[in-house]
Every structure is written in structure tokens, then in C-alpha cells.
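Just below is one structure, and these are the notes that go with it.
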């Protein structure tokens, strides 16, 4: 395993445990060269053999990294950690793999991710929805943002979602 910090291929496993309901192995690793720690996940390849049916009815293999990339873009400069992004995707994948075996519509994946993201950060949710829900008119995006704005807050420490609050 190559260290994400220094790029060296010399590490040791510090801790190993089952994750995602037994569907993956979580390994905590320490780089021998730079002594920094990082986490890796090992998943069976059979889970990844899911095919995504896209809007235009074309099909492509499920790619976890593609969704992570979309989430990272939506969460750019937002107080959402990489760990929260991973948990969002883990929960969404659990929903997908519980319902679909071979083919899954892209919209189901987006909805599953959106539901999780909406609970974590509403601004990131609106960003994500604006790309993946492909609103046909600006008014529909504004309506969605207003709907999110009108939801009750999770905690009192949250800042206003919009400046006019």
C-alpha cells in the first residue's frame, strides 16, 4: 500500500476490523517512512460488479470513486470531513446493494446519496442536487433551496443557510 502522504510503499497494519456490516475490512496503517497514519478499506470485488443505468439508458460499471469525486465537489469549502463523505457513501451503498443486485438506475444512487448529504450539510446538498437532479429551470432549483431553507435546524450552532436569515 502506497502512503497517501509521502508516496512510499512501506507501511505496517496497526489495527484491522470488520466494517460496513461485515462487507469490508477497515485497516489502520502507519507509514514506516513518515510515521503518519491512514485508513484503508478492502471490499469484495463482487459488490462492485453492479451496473449503473444512466439517463440515456447506457450502462457503465459502478464506480465508487466517481461518486466520492462528486461529493467532494459539492462539499468544497464546506465543513464536511472526508470521514463524513465516506459515511454518506457507505450508507447510500448499503441502500443500493440491499435493493439491487445487478443493475441500478443512476437516479436511485443520486437519491440515496442526496438523502444522506441533506442531513449533513444543506448547502452541499443543494450543490449536489443542482448537478445530479438536472433541474430544467432555475425556478425549480430555487424552490428546492427554499424547501431546504424551511426545514428545521438540526442544532442551534448552525449558521444561517442564506444571508437574509
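Coordinate-derived values only; no laboratory data. Quantities reported herein were computed from a predicted structural model and do not represent experimental measurements. So basically every Cβ, Gly included, is an ideal-geometry build from the backbone, and we count neighbours across all protein chains shown.
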(message) Need the C-alpha centroid separation for segment 31-100 versus segment 102-136, integer Å.
(response) 13
(request) Compute the distance in nm between two label points, each set 7 Å from the Cα along the Cα-to-Cβ direction, one at residue 41 and one at residue 66. (result) 1.8
(message) How would 107, 130 line up from fewest to most surrounding beta-carbon atoms within 10 angstrom?
(response) 107, 130
(request) Read through the labelled values [x] 17.3, 56; [y] 15.7, 52; [z] 18.4, 54 and report the label of the one computed as Rg and Dmax of the Cα atoms in Å from the structure. (result) [z]
(request) Report the full-extension gain for the segment residue 103 to residue 19: residue separation times 0.36 nm, less the Cα-Cα distance, to one decimal in nm. (result) 27.8 nm
(request) Report, to the nearest 10°, how far helix 122-132 tilts away from the longest principal axis of the Cα atoms in the chain, using its own Cα long axis and a range of 0 to 90°. (result) 90
(message) With the crude spin-label approximation of a point 7 Å out along Cα→Cβ, what separation in nm comes out for residue 87 versus residue 28?
(response) 1.7
(request) Would you please give the FRET efficiency between residue 51 and residue 77, computed as 1/(1 + (r/R0)^6) with r the Cβ-Cβ distance and R0 = 35 Å, to the nearest 0.05? (result) 0.55
